[in-house]
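Below is one structure, written out as structure tokens, with a few remarks after it.
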Amino acid sequence: MPESITTRAGSLLSLPTMGTRITINNLVKVFGSGANAATACDHLSLTIEPGELFFLLGPSGCGKTTLLRMIAGFIDPTSGRIDFDGKDVTHDAPNKRNTGMVFQSYALWPHMSVAQNVAFGLNVRKVPNPEKDQRVLDALAAVQMEQYAARKPNQLSGGQQQRVALARALVIKPAVLLLDEPLSNLDAKLRNDLRLQIRRICKDSGITTVYVTHDQKEALSMADRVALLKNGHIEQIGTPRELYRSPKNRFVAEFLGETNLIEAKATEIGTDRVQFEIEAGRFDAEPESNQDILTNSEHTLLSVRPEAIQLCKPGAEGSLPGSLLETTYLGETAQHLVEVKGCPPIKVAEMNPYSAGSAVHPEPGDAVGVRFMPTDVVPVHR
Ligand code: ADP
Ligand code: MG
């Protein structure tokens with residue numbers, strides 16, 4: 001771990017408090033009126049804990065930016081309330097809340113050097129020298145950009161510009177850091193590098209961070225907790241693992257990655273184990289969540305992730321019979337599509353394909369079996 005990130009970010013942002021708790025209560029934002037009214041935020045409530053790296057995730061237009069800008073104070077809510085550490089800030093001006101913001105477009109001043117860009121917020125706040133220079137240096141060190149202090153933004157790569165934008169937000173020692181799709185303009189490799197760096201900077205500094213993205217990988221890899229939004233309301237809130245492994249409904253299951261949705265009839269509901277039936281045969285499930293959905297009067301929708309399913313020899317114990325439709329080879333994985341009677345084509349993700357460890361090496365048209373662990377079957381609401 002680079003020394004400059006951990007130790008310098010810690011000293012830069014050694015905040016007197018533990019970070020701010022953000023409480024959002026029954027928040028509503030309606031744009032326009034009458035026939036043109038659009039509800040961007042629909043009676044939304046949540047609490048973001050001090051020091052938490054909290055993600056607002058969801059498809060385009062679900063209200064992420066609107067919610068973030070209400071937290072910053074740039075948009076006035078229609079109704080509801082926002083508290084910072086128990087103090088009502090709902091209608092306070094942005095400069096009264098002390099939030100730092102980073103946008104998708106870096107929005108650096110082109111005529112100013114990197115150091116001048118970072119110093120901007122300190123000039124506005126009339127922070128005197130030498131404290132100002134020291135804080136600019138510390139902020140640049142926190143994002144590993146100190147050697148670029150004299151450059152102009154157009155002499156930097158996209159990733160470097162975004163790190164300067166982050167330094168500019170951090171240097172004012174904000175109570176809350178707000179990031180709106182900060183990595184969307186960067187290429188895939190840089191995005192991956194910066195994910196880890198941003199997470200480290202946020203966690204080392206202890207600052208409460210709200211991070212907006214439509215990219216589920218970004219949320220899964222960085223977040224302490226995630227709120228998945230749809231049409232201005234929260235579909236589910238939880239840790240990345242909770243959302244991925246225990247999605248409450250079909251929307252959450254599908255948004256968080258690939259999945260198979262299988263309609264099955266429960267033939268036996270025991271306390272732990274449930275037996276399901278589809279046309280191809282029967283299989284066992286031990287759902288870790290959403291047991292309340294199960295009934296034996298109607299079909300249940302089940303989610304099984306492709307990586308939880310293995311291809312095996314036809315007739316192997318505990319497997320359902322099928323036949324291979326096609327395989328897409330991706331190097332590290334192969335994605336198989338298997339026809340299984342009574343459900344849509346089953347997606348199977350195989351790690352390290354065509355190795356000696358593979359149970360089978362089928363060709364399209366071959367008979368195969370598919371099987372999965374009972375605990376990997378998740379009943380979901382429709
Ligand atoms: P996201 O950031 O998740 O893509 P936004 O918060 O930008 O979503 O937008 C949520 C909804 O509110 C969208 O339907 C959008 O068209 C609408 N909206 C956002 N800003 C305005 C505005 N200033 N005037 C009218 N409608 C808006
Ligand atoms: Mg947005």
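The values are calculated or read from the model by the stated rules, or taken from the named source; none is laboratory data. Everything quoted here is computed from the prediction, not taken from an experiment. Glycine gets a Cβ as well: all are built from the backbone with ideal geometry, and neighbour counts include every protein chain shown. For the accessible areas, the whole protein counts, side chains as well, though only heavy atoms, and no ligand, DNA or RNA atoms are used. Shrake-Rupley method; radii C 1.70, N 1.55, O 1.52, S 1.80 Å.
Which of the residues that make up segment 110-126 are part of a helix (DSSP H, G or I) and modelled with pLDDT of 95 or more? Residues satisfying the conditions are V114, A115, Q116, N117, V118, A119. Tally up the residues in segment 171-185 that are open to solvent by less than 10 Å² (accessible area, probe 1.4 Å), within 23 Å of K87 (Cα to Cα) and away from ligand 2 (no atom under 13 Å from the Cβ), please. Qualifying residue count, segment 171-185: 3. Can we say N129 is farther than 22 Å from G19 by Cβ, away from ligand 2 (no atom under 16 Å from the Cβ), in a loop (DSSP other than H, G, I, E, B) and open to solvent by 30 Å² or more (accessible area, probe 1.4 Å)? So N129 fits the description; yes.
Does P110 satisfy the condition of being open to solvent by 40 Å² or more (accessible area, probe 1.4 Å), in contact with a helix residue (DSSP H, G or I) (Cβ under 9 Å, 6 or more places away or on another chain) and touching a residue at least 12 places away in the same chain (Cβ under 8 Å)? Yes; evaluated as a whole, the condition is true for this residue. In this structure, does L186 turn out to be out of contact with any Lys or Arg (no Cβ under 6 Å at 6 or more places or on another chain), free of Cβ contacts under 8 Å to residues at least 40 places away in the same chain and in a loop (DSSP other than H, G, I, E, B)? In short, yes. If you go through segment 357-377 one residue at a time, do you hit one that is under 21 Å from F251 (Cβ atoms) and touching a helix residue (DSSP H, G or I) at 6+ places or on another chain (Cβ under 9 Å)? So far as segment 357-377 goes, yes, one or more of its residues are under 21 Å from F251 (Cβ atoms) and touching a helix residue (DSSP H, G or I) at 6+ places or on another chain (Cβ under 9 Å).
The set of residues in segment 215-271 that are among the hydroxyl-bearing types (S, T, Y) and surrounded by fewer than 18 Cβ atoms within 10 Å (Cβ to Cβ) comprises S221, T239, T267, T271.
Check segment 140-148 and report whether any residue there is among the polar types (S, T, N, Q) and on the phi > 0 side of the Ramachandran plot. The answer is yes; a qualifying residue exists. Only a single item in (1) away from ligand 1 (no atom under 15 Å from the Cβ); (2) touching a Leu at 6+ places or on another chain (Cβ under 8 Å) is not met by P77, and it is number (1). Annotation note: Cβ proximity below 8 Å between a residue of segment 47-67 that is within 20 Å of D88 (Cα to Cα) and a residue that is assigned to a loop (DSSP other than H, G, I, E, B) and within 12 Å of ligand 1 (Cβ to nearest atom) (sequence gap 6+ or interchain) occurs for T66/I75; T66/G232. Criterion applied to R195, R151, R168, R199 was being in a loop (DSSP other than H, G, I, E, B), open to solvent by 30 Å² or more (accessible area, probe 1.4 Å), in contact with a helix residue (DSSP H, G or I) (Cβ under 6 Å, 6 or more places away or on another chain) and assigned by TED's automatic domain parsing to the domain that holds F55, and the one residue passing it is R151. Selection within segment 247-298: residues that are within 18 Å of V348 (Cα to Cα) and part of a loop (DSSP other than H, G, I, E, B). The member of this set that is farthest from the chain's Cα centre (by Cα) is A280.
Here is a yes/no grid of residues against (1) open to solvent by less than 70 Å² (accessible area, probe 1.4 Å); (2) within 23 Å of L261 (Cα to Cα):
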| residue | (1), (2) |
| --- | --- |
| A308 | yes, yes |
| P314 | no, yes |
| S319 | yes, yes |
| I346 | yes, yes |
| E350 | yes, yes |
| A356 | no, no |
| V360 | yes, no |
| E363 | no, no |
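Determine, yes or no, whether L53 is surrounded by 16 or more Cβ atoms within 10 Å (Cβ to Cβ) and within 16 Å of ligand 2 (Cβ to nearest atom). Considered against the rule, which asks whether it is surrounded by 16 or more Cβ atoms within 10 Å (Cβ to Cβ) and within 16 Å of ligand 2 (Cβ to nearest atom), L53 comes out as no.
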